[in-house]
Structures are given as structure tokens and as C-alpha cells.
Amino acid sequence: MLAHFLCCNCLCRVRTVYRDTLAYEIIEFEVLILLPTELPEPYAADTSAHSSGNTDAPGAIFVPELLSPAGSLKAMRFAFAYGADAVYAGMPRYSLRVRNNEFDVDTLAIAIAEAHAQGKKLYCVLNSAPHNAKLATLIDDIAAVVKLEPDAFIVSDPGVIYLLQQHFPGLELHLSVQANTINWAAVKFWQQQGIRRVILSRELALEEIEQIRREVPDMELEVFVHGALCMAYSGRCLLSGYMDKRDPNQGTCTNACRWPYQVSSAEQNEVGQFVPSAATNSAATTNSATASVTAAPMSSADAPQTPRSEVILLTDPQRPDDMMPAFEDEHGTYIMNSKDLRAVMHVDRLTRSQVHSLKIEGRTKSFYYAARTAQIYRAAIDDAVAGRPFNPALLQDLDGLASRGYTEGFLRRHIPMHELQNYDKSASSSDQQQFVGEIGPFYPASDTHPARVWVEVKNQFQCGDRLILMHPTGNREFILSALWDKHGQPIARAPGAGHQVYMPWPADLSTEFALLIRQLPDAATSALTPSSAPSSRLAVDRNANAASDATG
């Protein structure tokens with residue numbers, strides 16, 4: 001099917017190829033831009049016969065709930081726009097994300113009303129382990145939120161559960177992962193205590209989850225499928241409290257497990273204590289604070305240390321071939337830093353196991369993270385429900401998000417240690433893609449300019465870059481042809497965060513919730529590798545774009 005369009009005073013030829021329910025654009029043009037084109041409605045699972053997390057209706061197809069994090073109203077709105085069925089948001093003072101939590105009673109009221117207006121759900125997180133002092137104000141603080149009618153409270157402390165049930169009978173309670181529920185007997189116990197849903201511990205394998213479902217078929221189950229992993233037992237950690245006097249179980253974790261640590265040689269003294277060796281004392285006069293095999297973390301104010309040349313290998317006697325390297329670079333060493341969980345490849349199995357809710361971690365992450373993870377996991381759930389095979393392109397899409405590297409965690413047993421731990425760095429990053437812009441208002445074509453949009457720049461990009469327009473109706477990939485500054489003057493580059501620019505835009509496409517992603521140069525080859533099973537919702541034909549780029 002061929003069509004011709006006049007855009008930006010240039011003649012362009014667009015060939016749209018329909019393959020199943022997806023539309024792929026092959027744009028033959030000396031400079032590529034987004035063009036207005038009629039796309040079929042992107043695939044969405046037919047929910048008329050589906051019931052999310054519910055199999056009570058005769059003939060209903062089991063569809064798990066997609067549960068996204070919301071650290072702000074904006075993150076919630078983007079998560080819903082990209083396919084989340086529900087979000088979870090922190091209670092002021094009582095959740096484990098005290099930092100970077102926008103929500104108070106007023107914003108929770110707005111969030112709950114918006115969620116319910118869309119037929120979505122919002123769960124309030126109340127999963128800290130409060131000391132007596134906090135219990136004194138707990139009921140009064142919670143009463144105001146209970147009146148807002150959130151869909152459930154996520155709780156972990158038995159005392160909090162007791163008080164909520166005493167003061168607010170009938171309140172729906174979900175048991176937090178902090179409760180470390182790892183067997184079916186514990187699930188039955190909590191069911192008898194009036195808990196509606198149990199968020200299973202991250203330390204479970206897929207086979208264990210399936211056994212719990214068989215043993216307790218009438219209990220709602222929730223499983224984490226994506227996000228940061230704690231090096232402690234489902235987050236029950238004292239490291240930050242010990243190192244920095246910030247209690248993780250009160251929501252103030254400083255991520256001490258992810259700090260860079262320096263390595264120094266040590267020896268035992270006459271009373272059996274480890275002290276810096278003589279060689280260490282003579283060679284590192286600036287490191288006098290080092291007092292054991294692992295020294296105190298290096299702050300950003302410390303002068304860079306000369307990296308140690310030797311590498312220490314830690315070995316579990318039960319796995320002599322699986323050596324764990326502990327070495328130091330100019331930043332230190334990251335011997336306790338876990339990779340991030342990625343279980344998108346297991347969505348089909350978890351769906352068949354009838355896990356009610358698939359949960360994404362990340363309440364301190366950006367609205368872009370909330371949107372992108374929701375979009376990708378929505379595609380995986382829809383494919384699983386429709387009986388389509390897993391789409392490997394979803395793994396590549398997640399590679400575009402900043403991460404510490406990915407692991408399947410404990411879902412699959414006997415994973416080599418190097419697949420679990422990141423010894424190189426603690427910061428999240430990606431060498432595949434970068435979020436570069438949030439799309440703003442649309443401006444129709446005029447005598448001096450084509451149809452264009454206002455872009456709030458998040459990271460620099462320029463003409464000639466390969467970009468992905470991320471959109472709730474499906475993604476499009478293109479090469480940027482033109483930019484204008486806020487005065488309407490042509491420019492070659494959007495300088496970076498804090499700037500605003502204009503770019504071309506198809507007149508028939510909504511700008512609401514649209515985002516801009518840049519393919520990084522190192523990802524140019526891998527990003528264009530065709531997948532064996534294109535995603536049902538992320539309508540980007542990498543093969544087609546490669547061909548059009550070559551002809552340009």
C-alpha cells in the first residue's frame with residue numbers, strides 16, 4: 001500500500017505494511033521524520049471475556065493484574081496510560097519509601113479519585129515496622145486515608161494488622177513482601193488472620209510459587225517481576241542502620257550495600273583481631289581510617305585512591321567453580337551490590353500459575369520508568385493471555401532502561417553468581433537507550449512552520465539521531481530531521497535538561513503521555529536486529545527502519 005504526503009515542503013513516500021495486527025512504517029526519504037499515517041488500533045487483549053486476577057466468572061480467561069509503582073501523581077498517570085491496572089503509593093511516615101514520596105493525604109485523595117474514575121486501583125503502602133512512638137499516632141493518621149477508600153492497604157507488621165482490624169473492620173489488607181512469606185502454611189496462616197492477598201517473598205522459585213497456588217487456591221498471590229533487589233532477606237536489612245544510623249525498616253535506607261568499598265590487606269594481632277597490615281600502613285598514609293579487611297566507604301569528598309592491583313576471589317566451598325571476584329577500581333569495590341530483577345520472560349508461566357498480581361518495584365524511580373516498564377510488561381501479559389509465545393524483543397526493550405544489570409533472582413534456581421551480583425558499579429545506567437524528552441503542546445502547521453510540538457528536553461539529542469516516539473497507542477522509530485528553538489529558529493541540537501525545543505509532529509497523533517527516547521550510538525546495530533516475534537503493543541519494525549535508513 002503506497003501513499004504520498006507533502007510534509008516540510010518535501011515529497012515523501014510511505015509504504016505501510018500490515019502484518020497481523022501491527023503496522024510497520026518504511027519511510028523512504030533523504031531525511032526521515034514522523035509522518036501522519038493512519039495506523040490500525042494497536043493490539044490490546046480483549047478484556048470483555050477476561051477478568052483481571054479473577055476466575056470466578058464462567059469461562060473467564062485468567063488475566064493477572066499489572067501493578068506499577070507510583071512515587072508521584074505523575075508517575076501514576078503515566079503508568080495507567082501505558083497499561084497498569086493498579087498502582088501502589090506510600091503512606092506518609094509509614095511506608096518504606098519516606099524519601100522521594102510525593103504523597104500526602106491531599107495528593108492521595110486526588111490519586112484515588114483518578115484511579116477509580118478510570119476503573120483502576122490504588123493500594124496504600126503501610127509496611128514499615130513501627131516502634132511504640134509511631135503507634136501513638138497511627139490510627140488517627142490512617143483514619144483520614146481510610147475515608148478516601150483506597151482499594152487496599154499493604155501491611156507487614158502484625159501489630160499494625162491487629163490495630164487496623166480493630167479500628168477499621170472490613171478493610172482489605174495485603175501482606176507486604178517484608179513479612180517474608182515463603183511457604184504455603186504461612187499463606188494459610190495469614191489467610192486465617194483476614195489477609196486478602198499475600199505478596200510472596202522474592203526468595204521463592206517458580207516451582208515453589210506454583211506449589212503455594214495449589215495448596216492455597218483461594219488466596220490472592222502477588223509476585224515481584226521487575227526492579228531493584230535488596231541483598232538482605234526481602235528487604236529486612238540492618239546494614240544502613242548500622243553504617244549510617246538510617247533504619248531501612250523505617251523507610252530511610254541509604255543503600256549502604258551499593259556503596260563503593262575499598263579493600264586493604266589485614267593481619268591478625270596477638271588478641272585475634274584483624275588490623276591493617278604493616279604493608280598497608282606504610283603504603284597508604286591517607287587511608288588511616290582503614291581498620292579491617294573491608295574499610296569504611298569512600299565519600300565523594302575523599303581523594304581518589306590508587307586502585308589495588310590484586311583481586312580477591314571469594315569462593316563458596318559448595319560451589320568451588322563459582323568464584324566471586326572482589327577487586328577495587330578507582331571508585332572502590334561493590335561486593336554486596338545486587339543486579340536488578342527482570343522476570344518478563346516468566347510472565348507466561350506466572351499467568352498460567354494464576355498469580356493474581358505481577359508487581360514492578362520502583363517508587364523512587366521516574367515517571368518515564370513507570371511508563372516504560374508498564375508498557376513492556378503489559379505487552380508480555382497480553383501475549384501470555386492470548387497464547388502467543390514470549391517475544392524476546394521485550395528483553396531488548398528493558399535493556400534500554402537504566403539498570404544495574406539484570407538477573408532472574410531466585411525464580412530460577414542454580415544461577416551462576418556473576419548473574420546475580422554486579423561487582424563493577426552500583427549506579428543504574430544503559431548503553432542502549434536514553435530518555436531525552438517529554439512531549440508538550442501541539443502547534444498546527446503555519447505559513448512558516450510545519451505541524452510541530454513543544455519538547456521538554458531531559459537529555460541532549462540532535463538532528464540525525466535515531467529516536468523512538470513512545471506513545472500509548474504504540475511506538476514509532478524515526479530519524480530526527482529538524483529542530484527549532486523557542487523563538488522558532490532552526491537549530492541542530494537540543495542542548496540538554498532545562499531546555500525546550502520544537503520538533504515535527506504528525507497532525508493526527510495525540511501528544512498526551514508521549515515521550516521521546518534516543519537510541520545510543522553503541523546500540524545502533526543491536527537495536528535494528530529483527531525479533532522473531534514482534535511485540536503486540538510496541539509497534540516498531542526495526543528491520544523496516546534499517547532499510548529506510550539505508551535508502552536515505
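If only one of 132, 127 is free of Cβ contacts under 8 Å to residues at least 60 places away in the same chain and within 20 Å of residue 222 (Cα to Cα), which one is it?
That would be 127, the only listed residue that is free of Cβ contacts under 8 Å to residues at least 60 places away in the same chain and within 20 Å of residue 222 (Cα to Cα).
Would you pick out the residues in the stretch 336-362 that are in contact with a helix residue (DSSP H, G or I) (Cβ under 8 Å, 6 or more places away or on another chain) and not in a helix (DSSP H, G or I)?
To start, the set of residues in the stretch 336-362 that are in contact with a helix residue (DSSP H, G or I) (Cβ under 8 Å, 6 or more places away or on another chain) comprises 336-339, 342-355, 358, 360, 362.
Result: 336, 337, 338, 339, 342, 343, 353, 354, 355, 358, 360, 362.
Going by the structure shown, is residue 194 within 21 Å of the chain's Cα centre (by Cα) and under 30 Å from residue 117 (Cα atoms)?
The answer is no for residue 194.
Suppose we filter the stretch 506-522 for residues that are in a loop (DSSP other than H, G, I, E, B) and among the hydrophobic types (A, V, I, L, M, F, W, C); how many remain? Step through it out loud before you land on a result.
Filtering the stretch 506-522 for residues in a loop (DSSP other than H, G, I, E, B) gives 506-514, 520.
Cutting the leftovers down to among the hydrophobic types (A, V, I, L, M, F, W, C) gives us 507, 509, 513-514, 520.
Within the stretch 506-522, residues that are in a loop (DSSP other than H, G, I, E, B) and among the hydrophobic types (A, V, I, L, M, F, W, C) number 5.
Which is over 20 Å from the mean Cα position of the chain (by Cα), surrounded by 15 or more Cβ atoms within 10 Å (Cβ to Cβ) and either assigned to a helix (DSSP H, G or I) or polar (S, T, N, Q) (or both), of 142, 110?
That would be 142, the only listed residue that is over 20 Å from the mean Cα position of the chain (by Cα), surrounded by 15 or more Cβ atoms within 10 Å (Cβ to Cβ) and either assigned to a helix (DSSP H, G or I) or polar (S, T, N, Q) (or both).
Just wondering, is there one or more residues in the stretch 466-477 that are touching a Gly at 6+ places or on another chain (Cβ under 9 Å), assigned to a loop (DSSP other than H, G, I, E, B) and surrounded by 15 or more Cβ atoms within 10 Å (Cβ to Cβ)?
yes
Step by step: first the residues of the stretch 484-505, then only those that are assigned to a strand (DSSP E or B) and of a type outside the set (A, V, I, L, M, F, W, C), then the one that is surrounded by the fewest Cβ atoms within 10 Å (Cβ to Cβ). Which residue is that?
Pass one, the stretch 484-505, residues assigned to a strand (DSSP E or B): 484, 490-491, 493-494, 500-504.
The next check asks that each one be of a type outside the set (A, V, I, L, M, F, W, C); those that pass are 490, 493, 500, 502, 504.
Numbers: 490: 11, 493: 15, 500: 13, 502: 24, 504: 21.
The extreme case among them is 490.
Quick check on the stretch 445-462. Is at least one of its residues of a type in the set (D, E, K, R) and modelled with pLDDT under 90?
Within the stretch 445-462, one or more residues are of a type in the set (D, E, K, R) and modelled with pLDDT under 90.
The values are calculated or read from the model by the stated rules, or taken from the named source; none is laboratory data. On a predicted model such as this, the values are computed, not experimentally measured, just so you know. Positions of Cβ are generated from backbone atoms using ideal geometry, with glycine treated the same way; all protein chains shown enter the neighbour counts.
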